[in-house]
Amino acid sequence: MGCALSQFAILVEKLTGKQKMWIVDMGFEELLFTRINSSDPKFGYWITSRFDPKTLQLKVRDNYRVRIDEEMVNWVLGIPPEKALLHPSLSNKSTALNIKKLYKNTMYGAVTQSEVFGKIVDDRTEKESFQRHFLLYALGTILCPTQKCGWISPLHLSVLPIASQASGYNWGRYVLDWLVKYGNKFNASKEGYGGCTLLLVVSPYFAIMFAYCLC
């Protein structure tokens, strides 16, 4: 599946000025200005096949490779680069189970993107509640999607309690760990892809701008 760019773009259009300021407080304001609002699944599959999760290198062509590290993730996505780490593979199951009760439409713990979308649009007065829903939606559609269209991984639920303090955490590492995880899954099966394909698509352009390649 990769990034659900069109769904995220639709959400941004529906946000109020107050809601956008709440997102700024989280440190995710750059996501509001994402200019790419659609993606070709075939291209997403191809660009994923060019990423080596072991070396963190994206092979653009035979003699041109770009290293995808935490610094590149923060440059490209404009997300908080602080030192406090989050580990999606070490999700707190009890916390995730309690938060899951907020959502009705679940499958093996996963939450539907459509339900979270609805809660974001409707939540215009409660800041912390809105920030939790937005963080989950951003992770599930743009930053750390799975290969299952329309669903958000339950592993993201355990980080929602820190949504209001999101600006103090290293989301670049979180996104990169997730990309590596799904890069390994892709190499093992070749049956769909997940992770931030937006990052893979845009990184070569940033590498040219900042001379950040392994030619």
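The values are calculated or read from the model by the stated rules, or taken from the named source; none is laboratory data. The shown structure was predicted, so the numbers you read here are calculated from the model rather than taken from an experiment. As a convention, Cβ positions derive from the backbone with ideal geometry for all residues, glycine included, and neighbour counts pool all protein chains shown.
Given (1) more than 30 Å from ASP122 (Cα to Cα); (2) in contact with a strand residue (DSSP E or B) (Cβ under 7 Å, 6 or more places away or on another chain), identify the lone condition not met by PRO80.
In the conditions (1) more than 30 Å from ASP122 (Cα to Cα); (2) in contact with a strand residue (DSSP E or B) (Cβ under 7 Å, 6 or more places away or on another chain), PRO80 misses (1) alone.
Could you tell me how many of the residues in segment 120-174 are in a strand (DSSP E or B) and of a type outside the set (A, V, I, L, M, F, W, C)?
Number satisfying all stated conditions: 2.
Could you count how many residues in segment 53-75 are surrounded by fewer than 22 Cβ atoms within 10 Å (Cβ to Cβ) and in a helix (DSSP H, G or I)?
4
Report, by residue number, each residue of segment 32-52 that is surrounded by 19 or more Cβ atoms within 10 Å (Cβ to Cβ) and not polar (S, T, N, Q).
Correct list: GLY44, ILE47, PHE51.
Would you say GLY17 is touching a helix residue (DSSP H, G or I) at 6+ places or on another chain (Cβ under 9 Å) and among the small types (Gly, Ala, Ser)?
Here the answer is no, as GLY17 does not meet what is asked.
Is one or more of the residues making up segment 126-136 within 20 Å of LYS20 (Cα to Cα), at pLDDT below 90 and among the polar types (S, T, N, Q)?
Looking through segment 126-136, none of the residues is within 20 Å of LYS20 (Cα to Cα), at pLDDT below 90 and among the polar types (S, T, N, Q).
Of everything in segment 150-209 that's within 14 Å of PRO53 (Cβ to Cβ) and aromatic (Phe, Trp, Tyr), which residue is surrounded by the fewest Cβ atoms within 10 Å (Cβ to Cβ)?
That would be PHE186.
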